[in-house]
Every structure is written in structure tokens, then in C-alpha cells.
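The values are calculated or read from the model by the stated rules, or taken from the named source; none is laboratory data. Model, not experiment: these values are computed from the prediction. Backbone-built Cβ (ideal geometry, glycine too); neighbour counts: all protein chains shown.
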Amino acid sequence: MTTAPGNLEHPTSGILSLIFGILGLVVIPVIGAILALVFGYQCRKEVAAEPGRYRDDFGRVGRVLGWIGLVLTVLGVLVVLAFFGILAASL
């Protein structure tokens, strides 16, 4: 017996990945992004273990948001360091 794709469940780790991915972009940048990646990759493992039961939609989106959050954080840190480097060089 097969399950139609629309009837597959979202694992809890996928939902948590999505939630932390959103929080990582809005409220808690580094921690939220890292947790989104951890739960997103955990979701991927759960889907691979039971492909007929789970779907990876939320986990995939959470992983993408997690990576975006980390990249934006690194870019923000580099901008701040460059600003203070330029400021210190002008003194």
C-alpha cells in the first residue's frame, strides 16, 4: 500500500527547522540559523529512513533559511570589521 504524496507527514524536526530558520533571520541570528541547520539535516535523515511516511518540505526550507542566516551574519561581521578598520586607519 502506498501513500499519496499529499498525505505524507511533516516530521517534527522539519517543523522545528522551519521555525528556527525564520527566527534565525528575524530574532536570534546565529543560534536560530545553527538550530535550523541541525534540525533540517535531522529531518533529511528521518525522511531517508521512512520515505513513504515523511516529506522534507519544511526541513529543506529550514536548511536554506539556516544557511542564508549564517551567510548574512558572516557578511554583517565583515562589514563591521571593515568599518572599524577604515575608521582606525583614518585616525
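Within region 15-28, the set of residues being in a helix (DSSP H, G or I) and out of contact with any Gly (no Cβ under 6 Å at 6 or more places or on another chain) comprises ILE15, LEU16, ILE19, ILE22, VAL26. Could you list all residues from region 57-82 that are β-branched (Val, Ile, Thr) and either more than 17 Å from LEU16 (Cα to Cα) or out of contact with any helix residue (DSSP H, G or I) (no Cβ under 6 Å at 6 or more places or on another chain) (or both)? Matches in region 57-82: VAL64, ILE68, VAL71, THR73, VAL74, VAL77, VAL79, VAL80.
Among the candidates GLY85, GLY59, which residue alone is in a helix (DSSP H, G or I) and either acidic (Asp, Glu) or under 10 Å from the mean Cα position of the chain (by Cα) (or both)? Don't jump to the end; show me each part of the working.
On the way: GLY85 fails: either acidic (Asp, Glu) or under 10 Å from the mean Cα position of the chain (by Cα) (or both).
Every option except GLY59 fails the conditions.
A quick yes/no check of all residues on (1) in contact (Cβ under 8 Å) with a residue 60 or more places away in the chain; (2) part of a helix (DSSP H, G or I); (3) out of contact with any Pro (no Cβ under 6 Å at 6 or more places or on another chain); (4) of a type in the set (A, V, I, L, M):
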| site | (1), (2), (3), (4) |
| --- | --- |
| LEU35 | no, yes, yes, yes |
| GLY52 | no, no, yes, no |
| THR73 | no, yes, no, no |
| LEU81 | no, yes, yes, yes |
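Candidates GLY6, GLY69: the one that is at pLDDT below 95 and out of contact with any Phe, Trp or Tyr (no Cβ under 8 Å at 6 or more places or on another chain) is GLY6.
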